[in-house]
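Here's the structure we're looking at; comments come further down.
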Amino acid sequence: MKTNHNYSKIKESYLFAEVAQRTSKYAAEHPDAKIIKMGIGDVTLPLCKAVVDAMHAAVSEMGVKETFKGYGEYRGYDFLCESIVGYYKKFGVELDTEEVFVSDGAKSDLGNILDLFDEDNTVLVTDPVYPVYVDTNILAGRKIIYADATEENSFLPLPDNSVHADIIYLCSPNNPTGAAYTRDQLKLWVDYAKKEGAVILLDAAYEAFITDPDVPHSAYEVAGAKECVIEICSLSKTAGFTGTRCGYTIVPKSLKFDQDLNKLWLRRQSTKFNGVSYIVQCGANAVFTEEGLKGIRENIAYYQENAKILMKALDECGIKYFGGKNSPYIWLKCPGGMGSWEFFDKLLSEANVVGTPGEGFGENGKGYLRLTSFSTHENTAEAMARLKKMLGK
Ligand code: PLP
């Protein structure tokens with residue numbers, strides 16, 4: 001028996017381990033320091049009432065013989081698929097319920113979707129990148145090429161027609177840079193994918209943070225996208241489901257290629273997945289009700305207020321940054337030409353604030369630091385006051 005030696009080719013989750021190690025070392029040496037963590041990518045506000053009520057009701061149903069549910073549909077319950085179809089209608093996108101697949105979150109689907117593709121495909125990712133796209137493909141032995149996301153292209157690389165790719169990962173709004181493609185920019189990727197016969201895996205985990213009317217909520221707002229885009233969505237950041245676990249992936253029936261991807265994905269899911277719990281799907285369904293949408297928007301508005309506090313302070317410090325407007329992430333250029341870890345250490349030791357060094361997301365992240373808006377108003381404001389004091393502003 002031989003094991004998968006590709007595991008030795010992926011980097012240890014060095015970034016967050018190193019952040020945690022440096023932070024706890026500092027905390028141990030300075031027990032009075034009130035450290036504020038601005039690097040967390042997890043939500044902090046609880047589930048909204050509509051979701052909690054729906055889940056309570058579902059639990060009760062599961063305890064009664066007449067309403068008890070066993071295995072559900074592989075694709076997800078019809079009531080949830082219909083609600084998701086209804087949500088897309090708000091963006092002018094018409095979907096069939098059979099194009100919606102409910103999952104236990106975007107991360108699983110981002111990895112699992114690779115079961116549909118041949119090992120010889122060339123994968124294109126951006127640099128900096130959400131590491132899951134890279135690691136899942138390295139594990140499968142695929143070749144990866146990088147599109148540079150830099151300050152020059154506002155961290156939004158566009159297709160290079162001299163380069164061939166088969167599988168293209170786009171994350172918009174982006175983790176870590178917070179940059180988001182406009183409809184016109186996304187159209188260039190759709191046209192390129194169609195020319196190359198490639199599939200785009202669009203990670204829309206931060207869709208709910210979009211405020212700019214030129215930025216599409218769904219890739220399917222762009223003509224031709226239904227022939228080349230699989231859209232992977234999550235309720236984690238949209239509705240605080242990081243611990244509850246629910247997402248959905250859209251696989252249009254018009255994704256033909258050499259096999260029908262919608263049929264293939266249903267086959268894959270029915271082979272390896274037995275669905276998301278009824279209780280969680282009822283909670284997810286409540287997100288799309290009027291009351292649920294109101295509840296999640298209030299939470300998102302809270303995080304967006306934090307993003308504004310961050311952006312205002314960075315403006316006052318004269319620090320260049322990206323993101324924040326359509327995303328909970330703010331990607332700042334370390335002042336004075338400092339490296340990511342150098343600025344991380346300075347911020348930790350002089351302001352007791354923790355960010356995430358950009359270089360952990362790729363070569364082009366060197367010299368950048370990611371801050372998130374998932375903290376409290378009070379901590380966000382306090383962290384920024386300390387940053388200003390540190391920089392003498
Ligand atoms: N995609 C991106 C870009 C993310 O940043 C995250 C989580 O941080 C995920 C996917 C994972 O989402 P989920 O919690 O639905 O697995």
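Coordinate-derived values only; no laboratory data. Just so we're clear, the structure is a prediction, and the values are computed from it rather than from any experiment. Please note: Cβ atoms are built from the backbone with ideal geometry, for glycine as well, and neighbour counts cover all protein chains shown.
A compact table of results
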quantity	calculated
Top-ranked residue of the range 235-257 - restricted to ones that are hydroxyl-bearing (Ser, Thr, Tyr) and more than 15 Å from the chain's Cα centre (by Cα), ranked as farthest from the ligand (Cβ to nearest atom)	SER254
Qualifying positions in the range 17-46 - of a type in the set (A, V, I, L, M), farther than 22 Å from LEU387 by Cβ and over 21 Å from the mean Cα position of the chain (by Cα)	ALA28
Selected residue (only one of GLU119, GLU99, GLU94 is more than 23 Å from ASN174 (Cα to Cα), in contact with a Lys or Arg (Cβ under 7 Å, 6 or more places away or on another chain) and free of Cβ contacts under 8 Å to residues at least 60 places away in the same chain)	GLU119
Answer residue from the range 6-27, given it is touching a Gly at 6+ places or on another chain (Cβ under 9 Å) and among the hydroxyl-bearing types (Ser, Thr, Tyr) and is nearest to GLY365 (Cα to Cα) among those	TYR14
Residues of the range 210-231 classified as in contact with a Lys or Arg (Cβ under 7 Å, 6 or more places away or on another chain), more than 14 Å from TRP189 (Cβ to Cβ) and touching a residue at least 40 places away in the same chain (Cβ under 8 Å), total	2
Filtered residues of the range 285-331 (kept if part of a helix (DSSP H, G or I) and either closer than 17 Å to PHE155 by Cα or β-branched (Val, Ile, Thr) (or both))	VAL287, ILE296, ILE300, ILE309
Some residue of the range 112-126 being within 15 Å of the ligand (Cβ to nearest atom) and of a type in the set (Asp, Glu)	no
Pairs where the first residue, in the range 298-322, is farther than 12 Å from LYS388 by Cβ and without any contact (Cβ under 8 Å) to a residue 60 or more places away in the chain and the second is buried (at least 19 other Cβ atoms within 10 Å of the Cβ) and of a type in the set (A, V, I, L, M, F, W, C), C-beta under 6 Å, 6+ apart	TYR321/LEU314; TYR321/ILE330; TYR321/LEU332
Boolean, LEU235 is surrounded by fewer than 17 Cβ atoms within 10 Å (Cβ to Cβ), closer than 26 Å to LEU15 by Cβ and in contact with a Gly (Cβ under 9 Å, 6 or more places away or on another chain)	no
Within the range 61-84, considering residues that are away from the ligand (no atom under 16 Å from the Cβ) and buried (at least 19 other Cβ atoms within 10 Å of the Cβ), the one farthest from THR136 (Cα to Cα)	SER83
Any hit, the range 47-60, residues being surrounded by 20 or more Cβ atoms within 10 Å (Cβ to Cβ) and assigned to a strand (DSSP E or B)	no
Output for the range 14-34, where each listed residue is surrounded by fewer than 16 Cβ atoms within 10 Å (Cβ to Cβ) and within 24 Å of ASN306 (Cα to Cα)	PHE16, ALA20, ALA33, LYS34
